[in-house]
Every structure is written in structure tokens, then in C-alpha cells.
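Visitor: Here's a structure for you.
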Amino acid sequence: MDIDKIINSYQSFVKGKKPEDVARSKDETMKKVANTSVLAGLLDNIRTAYDMVSDSVAGKYKGISKGTLALLAGGLSYLALPLDLVPDFIPVAGWMDDAALLGWIFTRCADEFKKYGDTKNPPTGRKAQ
């Protein structure tokens, strides 16, 4: 997997777009997921992943490795794109491949999610980076 290629692809996706257009794309994906009980349990991690990738690409968060960034950007792209290994229009099975892939990615990124969460909401007495 070419990490720089994935990161550049995500940057190309958001380049030149207004922040509200990028947010709308996120909102549309979140609505798609919220309406599917199979993925409903993954919503918090999906939001965190979107925020982590967006903050990293914007330079607001520098604590993420390129490998994790590529993994998250690739997973979110897979979720957002209509073409899947198992098409989304197939009931249940169409979302199972998304859920399985995202579950695997989020398990691998659990430590990064915690670190990101600590920088966004530091424990009392510490400042955010």
C-alpha cells in the first residue's frame, strides 16, 4: 500500500472544496451509517476517524502516523464510495463488509484514537496540544 498516494488522494478530494462541502459529505456518510443498524455501533469511531484525518490533513493534529492516516483515509473512502466488495444495495450483506473492514481498522487504531481523544479533551490540569 502506497501511503503517500492515499494521503495525496484524500488531500485532492478536499482541495479546493469549501469546508461546508467536506462537512456535508461527512454528514451524508454519517446519515447513511445511522440508518443501518449493522453499522450504528461504529458511529463514534467513524466520527473520530473523520475528525482525525481532517485535522491531520489540515495540519491541526500532528500526532498521527502516516500508516494510521492511510489506513483511516482508506477505510473512510471505502465506506463513502458506492462501489464495494459486496454492494451496499444487498440487504445486510452489503453493509457487513463495511462493518468488518471498519471494525478491523478501528481495532488497529484504538491507541491512536485514545491519544487523539486525549489531545482534544485533555484530563483536568493538562492543556491540549
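What follows is calculated from the coordinates using simple rules that are stated; it is not laboratory data. Since the model is a prediction, treat every value here as computed from it, not as a measurement. Ideal geometry is used to build each Cβ from the backbone, glycine not excepted, and the neighbour counts take in all protein chains shown.
Visitor: Of everything in the range 102-116 that's touching a helix residue (DSSP H, G or I) at 6+ places or on another chain (Cβ under 6 Å) and closer than 14 Å to Ile46 by Cβ, which residue is surrounded by the fewest Cβ atoms within 10 Å (Cβ to Cβ)? Steps first, please.
Guide: Here is the first cut: in the range 102-116, the residues touching a helix residue (DSSP H, G or I) at 6+ places or on another chain (Cβ under 6 Å) are 102, 105-106, 109, 112-113, 116.
So of that shortlist, the ones also closer than 14 Å to Ile46 by Cβ come out as 102, 105-106, 109, 113, 116.
Working: Leu102: 21, Ile105: 20, Phe106: 20, Cys109: 24, Phe113: 17, Tyr116: 21.
So the residue we want is Phe113.
Visitor: Which residue is surrounded by the most Cβ atoms within 10 Å (Cβ to Cβ), if the candidates are limited to the range 68-91 and must be touching a helix residue (DSSP H, G or I) at 6+ places or on another chain (Cβ under 6 Å) and in contact (Cβ under 8 Å) with a residue 60 or more places away in the chain?
Guide: Ala73
Visitor: Across the range 43-56, what is the number of residues that are farther than 18 Å from Tyr78 by Cα and crowded, with 19+ Cβ neighbours inside 10 Å? Steps first, please.
Guide: As a first pass, look at the range 43-56 and keep what is farther than 18 Å from Tyr78 by Cα: 55-56.
Those left that are additionally crowded, with 19+ Cβ neighbours inside 10 Å: 56.
Count: 1.
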